[in-house]
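The values are calculated or read from the model by the stated rules, or taken from the named source; none is laboratory data. Quick caveat, the model's predicted, so the values are computed rather than measured. Note that we place each Cβ from the backbone using ideal geometry, even for glycine, and neighbour counts take in every protein chain shown.
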Ligand SMILES: [Zn+2]
Ligand SMILES: [Zn+2]
């Protein structure tokens, strides 16, 4: 069963597109009565994008120092974890693995945010026109297939412990729908996760955006029937969003 007292996916100002210090997130989690908070900051390697939405090497050094301080300071009130949301890049597997080996991680979340077109990267989960127009030109169906195939490789190749926001791809493209072919790849991803003991994240940022978590209820039910463990994550990008909508998760399981 899902632990609703644990938020396993929050960001901080360190990734440049979230607000708030790490300590503010810990205080928000305590105020909401959570037992556990896991930071899951963004790692990307070799991405050529219009802005940096991930941590630098120095940022990660600070992140771990501050994480250790907060773990100790608040240990009587809440369990604090330092994890990482790994953005897959099919061209940089070795570099990603080398980086992961440099630190201990309380959680390794697998995501796939950036897609390469002609040497430039575009963000699968962004609402910016820069991205949505580029994906529209490639073709939404094709982009979803590439995204899911990449996720399957990431699950197989990286030491992930949780798969994040599975069907968040092209979430700002109104015409998006998953076809039979996409569902087959998702089933393959679930089988790979099961064999590695990976959990599936119920990402409640989707409830704010589309009234359903990521992934949608039909995928959650398939994963549950297969015996894949589920974990809850708010994907908070500001302290106020820690633990958001956790009381509604049961509606989708
Ligand atoms: Zn983010
Ligand atoms: Zn995230």
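Yes/no per residue for (1) part of a loop (DSSP other than H, G, I, E, B); (2) over 14 Å from the mean Cα position of the chain (by Cα); (3) without any contact (Cβ under 8 Å) to a residue 24 or more places away in the chain:
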| site | (1), (2), (3) |
| --- | --- |
| 130 | no, yes, no |
| 137 | no, yes, yes |
| 152 | no, yes, no |
| 155 | no, no, no |
| 160 | yes, no, no |
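Scanning segment 191-208 for residues that are outside any loop (DSSP other than H, G, I, E, B), surrounded by 18 or more Cβ atoms within 10 Å (Cβ to Cβ) and within 16 Å of ligand 1 (Cβ to nearest atom) yields 201, 203, 205, 206. Being in contact (Cβ under 8 Å) with a residue 60 or more places away in the chain, buried (at least 17 other Cβ atoms within 10 Å of the Cβ) and within 13 Å of ligand 1 (Cβ to nearest atom) holds for only one residue in 14, 40, 34, and it is 40.
Total residues in segment 167-196 satisfying the condition of being modelled with pLDDT of 95 or more and within 16 Å of ligand 2 (Cβ to nearest atom): the figure is 0. Can you give me the number of residues within segment 209-231 that are more than 16 Å from ligand 1 (Cβ to nearest atom) and either in a helix (DSSP H, G or I) or surrounded by 22 or more Cβ atoms within 10 Å (Cβ to Cβ) (or both)? Number of matching residues: 14. Screening segment 238-253 for residues that are within 12 Å of residue 204 (Cα to Cα) and within 16 Å of ligand 1 (Cβ to nearest atom) and picking the one that is surrounded by the fewest Cβ atoms within 10 Å (Cβ to Cβ) gives 244.
From the list 41, 36, 24, the one residue that fits, being touching a helix residue (DSSP H, G or I) at 6+ places or on another chain (Cβ under 7 Å) and within 19 Å of residue 75 (Cβ to Cβ), is 24. Every listed requirement among (1) surrounded by fewer than 17 Cβ atoms within 10 Å (Cβ to Cβ); (2) within 16 Å of ligand 1 (Cβ to nearest atom); (3) in contact (Cβ under 8 Å) with a residue 12 or more places away in the chain is met by residue 7 save one, (1).
Give just the number: which of (1) in contact with a strand residue (DSSP E or B) (Cβ under 8 Å, 6 or more places away or on another chain); (2) farther than 30 Å from residue 90 by Cβ; (3) not in a helix (DSSP H, G or I) does residue 25 not satisfy? Of everything listed in (1) in contact with a strand residue (DSSP E or B) (Cβ under 8 Å, 6 or more places away or on another chain); (2) farther than 30 Å from residue 90 by Cβ; (3) not in a helix (DSSP H, G or I), residue 25 misses just condition (3). Cβ-Cβ distances below 8 Å connect no pair with a first residue in segment 86-111 that is part of a strand (DSSP E or B), a second residue that is surrounded by fewer than 18 Cβ atoms within 10 Å (Cβ to Cβ) and modelled with pLDDT under 95, and a separation of six or more residues or different chains. Tell me, please, whether a residue that is surrounded by fewer than 20 Cβ atoms within 10 Å (Cβ to Cβ), in contact (Cβ under 8 Å) with a residue 60 or more places away in the chain, touching a helix residue (DSSP H, G or I) at 6+ places or on another chain (Cβ under 8 Å) and not in a helix (DSSP H, G or I) can be found in segment 165-182. For segment 165-182, residues surrounded by fewer than 20 Cβ atoms within 10 Å (Cβ to Cβ), in contact (Cβ under 8 Å) with a residue 60 or more places away in the chain, touching a helix residue (DSSP H, G or I) at 6+ places or on another chain (Cβ under 8 Å) and not in a helix (DSSP H, G or I): absent.
Conditions tested, residue by residue: (1) in contact with a strand residue (DSSP E or B) (Cβ under 8 Å, 6 or more places away or on another chain); (2) loosely packed, with under 13 Cβ neighbours inside 10 Å; (3) under 27 Å from residue 167 (Cα atoms).
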residue	(1), (2), (3)
48	yes, yes, yes
65	no, yes, no
77	no, no, no
82	yes, no, yes
92	no, no, yes
96	yes, no, yes
108	yes, no, yes
125	no, no, yes
140	no, no, yes
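Can you give me the number of residues within segment 17-26 that are surrounded by fewer than 17 Cβ atoms within 10 Å (Cβ to Cβ) and more than 13 Å from ligand 2 (Cβ to nearest atom)? The total comes to 4.
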